[in-house]
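**Q** I have a structure I would like to understand better, so I am pasting it below and will then ask my questions one at a time.
The values are calculated or read from the model by the stated rules, or taken from the named source; none is laboratory data. Since this is a predicted model, take the numbers as computed values, not measurements. All Cβ positions, glycine included, derive from the backbone under ideal geometry; neighbour counts span all protein chains shown. These accessible areas exclude ligands, DNA and RNA; they are computed on the full protein's heavy atoms, side chains included. Shrake-Rupley method; radii C 1.70, N 1.55, O 1.52, S 1.80 Å.
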Amino acid sequence: MRRLPLPLPLLLAGLGLGLGLGGEPEPGAPSGAQCLEHDCFGVFWSALPFAEAGAECQRGGGHLMTVRSTVAEDAIALLLQNRSGHLWLGLRLGLPCTEPTQRLRGFQWVTGDRSTDYSNWAPSRRQCGEFCVTVSRELRWEERPCEAPADGFLCEYNYGGSCPRLLPADGLPVAYTTPFGASVGDFLALPPGSTAVIAALGLELHCEEDGESGRLRWGRPELGPWSCRLANGGCDGTCEEDSGQARCSCPEGKVLSSDERGCRSPCAGAPCQHHCVVAGSTFLCMCEAGYRLAADGSSCEDDDDCAVVPSVCEQVCVNTEGGFECHCHRGYTMVDGHCRALPVSRCYKAPCEQQCEEVPDGYRCSCFPGYAVDPRVPTRCVLHCNRSQCPAKCDPYTLSCECPDGFVLDDADNGQVCMDIDECNMNFCQHNCTNYPGGYECHCHAGYRLIDQNDCIEILEEDREGAYSGDFGPRPQTPIPSQIPPKAKHLHPGALVGITVGVLSAALALLALAYHLVRKCCRAPATMDYKCSGPHEKEMGLQPVTSGCAAASQKL
């Protein structure tokens, strides 16, 4: 229920709204009625059971009254007019028995809900069965068997809007009739479907929806206004009478509607496809950008922007519905609305096996995950693994698997895997060895240098004079030409001793070198010797031990 700005009894009593004054009602019509903006209430003094009373309310388009606030209570007080009796309300027990602790005691409204901000129960005990609720002159709610007749009932009618009460002029009386049959007294507002009869003018008006504006207003089937003395003749603008003939006029920017009483915008109902602009008492149609007005003056058709000279695009123009798009020729790209030439791609003809990357000075080949660029052929890719264990690369059709160099294929719970070969356990290196995924690297003790990637030889005294260290070789030695002494001289006995010591030292050095060669070539058979071309490559192959030993023996 909606609350009124003033107390309902004062507002309605001051207007004398449909209280049953002025004659007896017709059969089936309410004895009294009250109408607000969206709601009407009627009182019927007919002794009927609850179900039949509800059917009578539905016949008029309503239902038994719901009392959810004090506003509805005030309406009941005015409708009863101190008349004694019990009237059905729209409450029916929704439980097997009443529940005195609940606000509605287990009852629910005929609208199917239990929402309310108000109740006014008379004292009673818990009861079970088919019970409904009546209201008395004291406005107390009482439980009553639904099959027992009450003295009357109250109906409620709800509407989406209403027409205002017509203000009579020159004492002209107006008689109203509502769609639920109320026809006595005056009303604050009239629901849709109501009629107003002004007998002195021979005029009958109807509260109905305006077909153009969609609002409720008083009207009649005939075109044009009625007497300007009553409700401005129904004109939205100005009502003027000339020689007893009424005429409506509208303010600037408005025109008369089809009933010649209402005022509307000239664009209301205009056939413009896009936009309508008011021009005095008429209208103009306009189109959005990219369209032009058709010959009929109301519809819009696409404007070919690409036909404009000079062209709106630098290279290629494509017309679209209501617009256009600019494109570039092959070899160009759009940059900030302009076509710019694409740089020449060196990857277009690059021999890269898998991927190619543009770089300022050319191109660079790269590989997919799990592969690495072949150091011997930079355009090719080889399997690569930087861990001690990686999944094998298997062909789903042939079921064959392969591994990167330096790995061996092995079976695991989750499939074929590649396991790194630990070359350091194979005694590849003569001195120290460092293993890494897919390869290994040899290191020599201090005073030795690495040769052939695996072996170490002692750094001679004359090599130590060069500036090198670690695994790097000595600097190139410049041969010193031998010199023939210009003249032989007799040697001192001490010189002979020195020569003898030198010869013995040379002999010992040759014996040490021979021992080293024999130890190198004639290694124990239990050791597997492999030949590798580089620290990043592994080629498994047996060394010919016998021929090597024979060569060493020949040298000795």
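**Q** Here are Leu409, Leu399: which of them is without any contact (Cβ under 8 Å) to a residue 12 or more places away in the chain and open to solvent by 60 Å² or more (accessible area, probe 1.4 Å)?
**A** Leu399
**Q** Identify the single condition in (1) in contact (Cβ under 8 Å) with a residue 60 or more places away in the chain; (2) within 30 Å of Val316 (Cα to Cα) that Met426 does not satisfy, given that it satisfies every other one.
**A** Condition (2) is where Met426 drops out.
**Q** Here is a further query. Residues that are touching a His at 6+ places or on another chain (Cβ under 6 Å), under 24 Å from Ala47 (Cβ atoms) and among the small types (Gly, Ala, Ser): does the stretch 117-124 have at least one?
**A** No, there is no match, as no residue in the stretch 117-124 is touching a His at 6+ places or on another chain (Cβ under 6 Å), under 24 Å from Ala47 (Cβ atoms) and among the small types (Gly, Ala, Ser).
**Q** Next question. Can you say whether Leu93 is within 23 Å of Gly61 (Cβ to Cβ) and touching a Gly at 6+ places or on another chain (Cβ under 8 Å), as far as the supplied structure shows?
**A** No; evaluated as a whole, the condition is false for this residue.
So that you can scan it fast, the table gives a plain yes or no per residue for (1) modelled with pLDDT under 50; (2) outside the structural domain of Arg144 (by the TED database):
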site: Leu11; (1), (2): yes, yes
site: Gly14; (1), (2): yes, yes
site: Gly20; (1), (2): yes, yes
site: Glu26; (1), (2): no, yes
site: Gly42; (1), (2): no, no
site: Ala51; (1), (2): no, no
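**Q** Okay, next question. Looking only at residues in the stretch 135-194 that are over 58 Å from the mean Cα position of the chain (by Cα) and β-branched (Val, Ile, Thr), which one is farthest from Leu205 (Cα to Cα)?
**A** Taking the candidates together, the pick is Val184.
**Q** Please state which of the following conditions Ala189 fails to meet, knowing it meets all the rest: (1) modelled with pLDDT under 95; (2) surrounded by 18 or more Cβ atoms within 10 Å (Cβ to Cβ); (3) closer than 30 Å to Leu93 by Cα; (4) not hydroxyl-bearing (Ser, Thr, Tyr).
**A** For Ala189, the failing item is (3).
**Q** Residues that are in contact with a helix residue (DSSP H, G or I) (Cβ under 9 Å, 6 or more places away or on another chain), at pLDDT below 95 and either of a type in the set (A, V, I, L, M) or more than 19 Å from Ala47 (Cβ to Cβ) (or both): does the stretch 87-101 have at least one?
**A** No.
**Q** For residues that are hydroxyl-bearing (Ser, Thr, Tyr), part of a strand (DSSP E or B) and either in the same structural domain as Thr320 (by the TED database) or open to solvent by less than 40 Å² (accessible area, probe 1.4 Å) (or both), tally how many sit in the stretch 245-287.
**A** Within the stretch 245-287, residues that are hydroxyl-bearing (Ser, Thr, Tyr), part of a strand (DSSP E or B) and either in the same structural domain as Thr320 (by the TED database) or open to solvent by less than 40 Å² (accessible area, probe 1.4 Å) (or both) number 1.
**Q** Condition (residue is more than 30 Å from Glu461 (Cβ to Cβ), assigned to a loop (DSSP other than H, G, I, E, B) and among the hydroxyl-bearing types (Ser, Thr, Tyr)) applied to the stretch 345-357: is it met by at least one residue? Give the derivation first.
**A** Step one: of the stretch 345-357, the residues more than 30 Å from Glu461 (Cβ to Cβ) are 345-357.
Applying the additional criterion that residues be assigned to a loop (DSSP other than H, G, I, E, B) yields 345-346, 350-354.
Subsequent filtering for residues that are among the hydroxyl-bearing types (Ser, Thr, Tyr) retains 345.
The answer is yes; a qualifying residue exists.
**Q** Something else about it: Taking strands (runs of 3 or more DSSP E) that fall entirely within the stretch 71-171, which contain at least 1 residues that are open to solvent by 30 Å² or more (accessible area, probe 1.4 Å)?
**A** Here the list reads 87-93, 107-109, 141-145, 152-158.
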